[in-house]
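Q: Below is a structure I'd like to ask you about.
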Amino acid sequence: MTDSKAQAAVHAVWRIESARLIAGLARMVRDVGQAEELAQDALVAALEKWPVSGVPDNPGAWLMATAKRRAIDEMRRHKLLARKHEELGHGLEEAEMPDLDAALDDNVGDDLLRLVFISCHPVLSPEARVALTLRLLGGLTTEEIARAFLVPEPTVAQRIVRAKRTLAEKGVPFEVPRGEDLEARLASVLEVIYLVFNEGYSATAGDDWMRPALCEDALRLGRILAELMPRMPEVHGLVALMEIQASRTRARVGPNGEPVLLLEQNRALWDQLLIRRGFAALKRASEVGGVQGPYGVQAAIAACHARARTPEETDWEQIAALYSTLMRLVPSPVVDLNRAVAFSMAYGPAVGLSIVDRLLEEPSLKHYHLLPSVRGDLLQKLGRLPEARAEFERAASLTRNAREQVLLRARAAACSGGPSS
């Protein structure tokens, strides 16, 4: 095997197996940072040996066995072998290796679930949770995370290092929370996954309207979580929401990379397989506890759009009612802004504008570009074109996404029949 082919194979295996590898090691050494270092050591060993020996039949188990052996060597050096020997598995003798076929199978579900909860622990900042989750569970490199979020690579590296140090200093246990703790901690996990998805779905900055790879990473994490926690309706609600939103990916971007808004999209381009998967996840959420949480309600809204073959067939009254439900569950100015859009479609732009105008003094929306964008749209529909133009221009000045700036300036120009200044 050539070096280049072997390296490609190693990196492909790493992307698939790294989460299970780190999760299994973290259960043994009780330290996420050390577990990742051991896993990285095994990766280096693979890069050195596989070009010569070839890729083993069970590459994931080979990596686990190599990492386990390095963990034992490390503990010997620190004279901790006696105390930790039991955690590394009974019967692992000095000259013996574990059963490679079984090495990754023991407790793999529980280990992954523990890794999910520790990576998304509330003791960490949202930015640190996202970076650590993509690193440990998504298998992304620091460079890939930095590129996806358009931040300097040293910034991401620092977030990850600090996150692992914080987890160690706070003594955060490598376990799945129980009882009352579970709901709050699960909310943090779902928030992180949806943050990753949203950054891919509507990039906050840069030259691209979407970054589909991030959507795919979030969807993969959501699907894994749904398999690990099949009785949690909000997990299925989030997966349903992401599946249905992801179904619009091809229709959301024009031939030159420009954004295409929902009502202008070619619905023939919507991915019907993802829509069916979304409907199935929504059904599972209903079966195990009902679509009563924030993600389940948002998924139900997305499903209303997915069922409509044309924009005119959309059940806007149902969507408006669902947004009112969402406001009761998680009251926020952003949800209220979305409610305004739904009410404008169901009951007319004047009704929507009355809701939007109540949000103009909201401090948290002062620099939120979608507030003037929505207001401009409603004013345009009401024929108040000079005001609409001003709102679109303000929205363009607030967004950091280059594609969105072009769209908003074009909408401003359309309100006066000439180019925007």
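Since every read-out is calculated from the coordinates, none of them should be taken as a lab result. The shown structure was predicted, so the numbers you read here are calculated from the model rather than taken from an experiment. Reconstructed Cβ throughout: ideal geometry from the backbone, glycine too, with neighbour counts over all protein chains shown.
Q: Let me have the 222 nm mean residue ellipticity of the chain computed from DSSP H runs of 4+ only, each contributing -39500 (n - 2.57), with the sum over all residues rounded to the nearest 500.
A: On the way: 19 runs with 281 residues, N = 421.
Using -39500 (n - 2.57) per qualifying helix, the result is -22000 deg cm²/dmol.
Q: Moving on to the next point. Which whole-number percentage describes the relative contact order of the stretch 191-251, with Cα contacts under 8 Å and a sequence gap of 6 or more? Kindly include the intermediate steps, with their values, before the conclusion.
A: Values: 59 pairs, mean separation 18.2, N = 61.
It rounds to 30 percent for the stretch 191-251.
Q: Please report the net charge: other residues with Cβ closer than 11 Å to the Cβ of residue 288, K and R +1, D and E -1.
A: Numbers: positive: 231, 283, 284; negative: 234, 287.
Around residue 288, the charge tally is +1.
Q: Here is a further query. Rounded to the nearest 20 Debye, what is the dipole magnitude of the stretch 291-338 about its Cα centre when Lys and Arg each give +1 and Asp and Glu each give -1 at the C-beta? Walk me through the numbers on the way to the answer.
A: On the way: 3 positive and 5 negative charges, 36 e Å.
Dipole about the Cα centre, nearest 20: 180 debye.
Q: Still on this structure: Just to check, using Stokes-Einstein with a Kirkwood Rh over alpha carbon pairs, what's the diffusion coefficient of the chain at 4 °C and 1.567 mPa s in µm²/s? Walk me through the numbers on the way to the answer.
A: On the way: Rh = 23.8 Å.
In µm²/s, the coefficient is 55.
Q: What is the diffusion coefficient of the stretch 123-209 in µm²/s, taking the Kirkwood radius over Cα pairs and the Stokes-Einstein relation at 37 °C with a viscosity of 0.692 mPa s?
A: After rounding, the answer is 236 µm²/s.
Q: Same structure, new question: What angle, in degrees between 0 and 90 and rounded to the nearest 10, separates the Cα long axis of helix 32-53 from the longest principal axis of the Cα atoms of the chain?
A: So the inclination is approximately 70 degrees.
Q: What are the extents of the Cα atoms of the stretch 242-326 along their three principal axes, in Å, largest first?
A: Principal-axis extents of the Cα atoms in the stretch 242-326, largest first: 43, 25, 19 Å.
Q: Then there's this: Please compute one quarter of the surface area of the Cα convex hull for the stretch 1-74 and express it in square nanometres.
A: Working: hull surface 17.6 nm².
Approximately 4.4 nm², given one-decimal rounding.
Q: If you don't mind, another one. Taking the Cα centre of the chain as the origin, how large is its charge dipole in debye, to the nearest 20, when only Lys and Arg (+1) and Asp and Glu (-1) carry charge on their Cβ atoms?
A: Details: 52 positive and 56 negative charges, 173 e Å.
Dipole magnitude for the chain comes out near 820 debye.
Q: Which whole-number percent is the relative contact order of the chain (Cα, under 8 Å, 6+ apart)?
A: Working: 587 pairs, mean separation 43.1, N = 421.
For the chain, the relative contact order is 10 percent.
Q: So, in Å, what gap is there between the alpha-carbon centers of the stretch 283-330 and the stretch 165-213?
A: 23
Q: Round to a whole angstrom and tell me the spacing of the C-alpha centers of the stretch 366-421 and the stretch 215-237.
A: Value for the Cα centre distance between the two parts: 37 Å.
Q: List the trypsin sites (Lys or Arg not before Pro) in the stretch 117-204 that DSSP assigns to loop (not H, G, I, E or B) and whose Cβ has at most 16 other Cβ atoms within 10 Å. Which are they? Spell out each step's value before the answer.
A: Details: sites: 129, 135, 147, 159, 162, 164, 165, 170, 178, 185; in loops: 170, 178.
The qualifying sites are 170, 178.
Q: Only Cα pairs under 8 Å and at least 6 apart count here; give the relative contact order of the stretch 109-262 as a rounded whole percent.
A: Working: 166 pairs, mean separation 32.9, N = 154.
For the stretch 109-262, the relative contact order is 21 percent.
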